[in-house]
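To keep things clear, I will list the structure first and then write my remarks on it.
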Amino acid sequence: MGFSGRVIMWQGRVSMGVLVAMAFCVEAGCQSSPPAAVRHTVPSSVVVPQTVERLAVLYQAPADRDQRDAYHRLEGAAFQLKELRPHIRIFDRANLRQILSEQQFQLSGPVTEDTAVRAGRMLGVGTVLLFEIQGPSTRDRLFARHSTDIPPLSVSSKIIQVENGELVFHNVVTAAVDDSDAAGGVFGSEFAAAPLIRSALTRGVDQTIADLRRAFR
């Protein structure tokens, strides 16, 4: 009986300690651990030339729904650049599809700098904004047990002058997959990794949009 009483008192002390720690955390404004790092390659000093006036937005048509939604976000952000430079005319992929199909030019496969320039010439635009998202493959997801097993997700953005093929803006954003919220730090299946990859994609797109708007300031 005495032994049980000591155990109950010990548990009571632990509970009180937890409550005190929680109260201190609220008082001090404790925060959860920061998200995984997002890195970019474009210097903040880079500014897109004012000569960019007619801009076509191009990207590969993805099969993955998350990437498709991400491309739509990037496309919408490109249109919002008019807030910074009202004189810019933006031609999005939806409006370009019919024009390009009439000229038997397909954008279903990977869009390289060369194909982007060719498409720009067909469309009569002076500049092309090319987006490319590269995420973990199905194999990467299937065999991943920890975040270190999955390569970082990348979002590339390039602005290319059609006339001479000059690259006036190039940014590669990489976002690591963070498993700090996964149970025990182990994925266990492809489906367990999916929301973490989706989160990395969101962070990568957010940074890409911020860098793009900064370059058009």
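The values are calculated or read from the model by the stated rules, or taken from the named source; none is laboratory data. Every value quoted in this text rests on a predicted model; they were computed, and no experiment measured them. As a convention, Cβ positions derive from the backbone with ideal geometry for all residues, glycine included, and neighbour counts pool all protein chains shown. These accessible areas exclude ligands, DNA and RNA; they are computed on the full protein's heavy atoms, side chains included. Shrake-Rupley method; radii C 1.70, N 1.55, O 1.52, S 1.80 Å.
Name the single residue that is least open to solvent (accessible area, probe 1.4 Å) among those in the stretch 37-46 being touching a strand residue (DSSP E or B) at 6+ places or on another chain (Cβ under 9 Å) and in a loop (DSSP other than H, G, I, E, B).
42
For residue 51, only one of the following conditions fails: (1) crowded, with 17+ Cβ neighbours inside 10 Å; (2) closer than 15 Å to residue 125 by Cβ. What is its number?
(1)
It is to be established whether one or more residues within the stretch 139-162 are touching an Asp or Glu at 6+ places or on another chain (Cβ under 8 Å), assigned to a helix (DSSP H, G or I) and at pLDDT 75 or above.
The answer is yes; a qualifying residue exists.
Write out, first by first residue and then by second, each pair whose Cβ atoms fall under 7 Å of each other, whose residues are 6+ apart or on separate chains, and whose first residue, in the stretch 127-143, is of a type in the set (D, E, K, R) while the second is part of a strand (DSSP E or B).
From the stretch 127-143, the pairs are 132/59; 132/156.
Is at least one residue of the stretch 173-182 at pLDDT 90 or above and farther than 25 Å from residue 72 by Cβ?
Among the residues of the stretch 173-182, not one is at pLDDT 90 or above and farther than 25 Å from residue 72 by Cβ, which makes the answer no.
Tally up the residues in the stretch 114-141 that are open to solvent by 50 Å² or more (accessible area, probe 1.4 Å), of a type outside the set (Asp, Glu) and within 19 Å of residue 72 (Cα to Cα), please.
Selection size over the stretch 114-141: 1.
Just a yes or no: is a residue in the stretch 54-65 assigned to a loop (DSSP other than H, G, I, E, B), of a type in the set (S, T, N, Q) and modelled with pLDDT of 50 or more?
Yes, that holds for at least one residue.
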